[in-house]
Amino acid sequence: MAGPTTAERGAEEDLDSGPPPRRRLPGPRALIAVAAALVLMAGVSLWVLYGSSWLRAERVSVSGVQVLTEAQVREAADVPLGEPLISVDTEAIESRLLRTLPRIDSVEVIRSWPHGIGLKVSERTPVLIVEAVGNSGKYVEVDAKGVRFATVSRAPKGVPTLELALSRSGSSAASLRRFGEDRLVREAVRVARAIPAAITPETLVVKVRSYDSISLELSGDRTVLWGSAEKGRAKGRALTALMKAAPNAGHFDVSVPTAPASAGS
């Protein structure tokens, strides 16, 4: 006797399979239990973060200081010790530090769980110094951005003095009116940063007469006419080559770096 055909077997399988069983939805009691568990977990989490003594600010660590002391930074930061670590306002601490200690260029305030606040400080580095008003024997440090950030009683070693030789007539007056003193200071900073590393220790003064007339005074009564702050790298290379070619020269002109010149002895 012949067995069922392929069509008959398919029909039988369709009858046997039937509709898929329905999933039972959780009842009201199960939903209430899950909701209660979530609320309990949230409450415990909030208590741990805000109410318990497990995660509170208890210590402050400071890194990156060079001239400033760790004590100075901690005092200026005024971290609210004893408060929940999560509620410590790190942006307010950063603002206080930058406002109170101008020597700080940037600072990163980090929560260090479970009890610490870390202060990563980056200090400004002087590129030039300016004699303080009144010739009091003190100096104002100027950083690479042209910011005057600190007054010191002793000139930092190896940092040139900025001299603003700006008269009220001629090209000096015109530069002062057009650019302003702050801009001219920034141009002097650009020149100071372009001076070759080997020549920086010999540079005593960066003198600004106008935007286009900036000069250097080196040790040994030597002078350098730099011109404007433009093409600083090219002028630095030209000065290095000139000083090697004419080591006994007393004056160097790199205002046009493609046609440098030296004179005197």
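Results for (1) over 24 Å from residue 138 (Cα atoms); (2) in contact with a Gly (Cβ under 6 Å, 6 or more places away or on another chain); (3) exposed (fewer than 12 other Cβ atoms within 10 Å of the Cβ); (4) among the β-branched types (Val, Ile, Thr), shown as yes or no for each residue.
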residue: 159; (1), (2), (3), (4): no, no, no, yes
residue: 163; (1), (2), (3), (4): no, no, no, no
residue: 185; (1), (2), (3), (4): no, yes, no, yes
residue: 197; (1), (2), (3), (4): yes, no, yes, no
residue: 201; (1), (2), (3), (4): no, yes, no, no
residue: 204; (1), (2), (3), (4): no, no, no, no
residue: 210; (1), (2), (3), (4): yes, no, no, no
residue: 215; (1), (2), (3), (4): no, no, no, no
residue: 220; (1), (2), (3), (4): yes, no, yes, no
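Before we move on, is residue 217 charged (D, E, K, R), in a loop (DSSP other than H, G, I, E, B) and modelled with pLDDT of 95 or more? Against the criterion (charged (D, E, K, R), in a loop (DSSP other than H, G, I, E, B) and modelled with pLDDT of 95 or more), residue 217 does not qualify.
So, in the stretch 156-175, of the ones that are over 24 Å from residue 202 (Cβ atoms) and in a loop (DSSP other than H, G, I, E, B), which residue ends up nearest to the chain's Cα centre (by Cα)?
Initially, the stretch 156-175 is screened for residues over 24 Å from residue 202 (Cβ atoms), giving 166-175.
So of that shortlist, the ones also in a loop (DSSP other than H, G, I, E, B) come out as 166-169.
On the way: 166: 32, 167: 35, 168: 37, 169: 39 Å.
Per the stated criteria, the residue is 166.
For every residue, the table says whether it meets (1) at pLDDT below 95; (2) in a strand (DSSP E or B); (3) under 19 Å from residue 129 (Cβ atoms); (4) under 26 Å from the mean Cα position of the chain (by Cα).
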{"position": "190", "(1), (2), (3), (4)": "no, no, yes, yes"}
{"position": "230", "(1), (2), (3), (4)": "no, no, no, yes"}
{"position": "242", "(1), (2), (3), (4)": "no, no, no, no"}
{"position": "259", "(1), (2), (3), (4)": "no, no, no, no"}
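Checked against the criteria, residue 210 counts as out of contact with any Pro (no Cβ under 8 Å at 6 or more places or on another chain), in the same structural domain as residue 144 (by TED's automatic domain parsing) and modelled with pLDDT under 95. The numbered conditions (1) at pLDDT 95 or above; (2) surrounded by fewer than 20 Cβ atoms within 10 Å (Cβ to Cβ) are all true for residue 170 except (1).
Only one of (1) in a strand (DSSP E or B); (2) farther than 24 Å from residue 144 by Cα; (3) not small (Gly, Ala, Ser) is not met by residue 224, so which one is it? Tallying (1) in a strand (DSSP E or B); (2) farther than 24 Å from residue 144 by Cα; (3) not small (Gly, Ala, Ser), residue 224 fails exactly one: (2). Check whether at least one residue in the stretch 138-155 is over 23 Å from residue 200 (Cβ atoms), in contact with a Ser or Thr (Cβ under 9 Å, 6 or more places away or on another chain) and touching a residue at least 24 places away in the same chain (Cβ under 8 Å), and report yes or no. No, every residue in the stretch 138-155 fails to be over 23 Å from residue 200 (Cβ atoms), in contact with a Ser or Thr (Cβ under 9 Å, 6 or more places away or on another chain) and touching a residue at least 24 places away in the same chain (Cβ under 8 Å).
Taken over the stretch 98-122, the criterion of being at pLDDT 95 or above and either part of a loop (DSSP other than H, G, I, E, B) or crowded, with 19+ Cβ neighbours inside 10 Å (or both) is satisfied by 101, 102, 103, 104, 107, 109, 117, 119, 121. For first residues located in the stretch 74-87 and more than 21 Å from residue 104 (Cα to Cα) and in contact (Cβ under 8 Å) with a residue 12 or more places away in the chain, partners that are surrounded by 15 or more Cβ atoms within 10 Å (Cβ to Cβ) and basic (Lys, Arg) and lie 6+ apart or on another chain with Cβ distances below 9 Å form the pairs 81/56; 82/56; 83/56; 84/56; 85/56; 85/111; 86/111. Scanning the stretch 242-259 for residues that are loosely packed, with under 14 Cβ neighbours inside 10 Å and out of contact with any Ser or Thr (no Cβ under 6 Å at 6 or more places or on another chain) gives 244, 245, 247, 258, 259.
The values are calculated or read from the model by the stated rules, or taken from the named source; none is laboratory data. From a predicted model like this one, the values you see are computed outputs, not experimental measurements. Cβ atoms come from the backbone with ideal geometry, glycine included; neighbour counts cover every protein chain shown.
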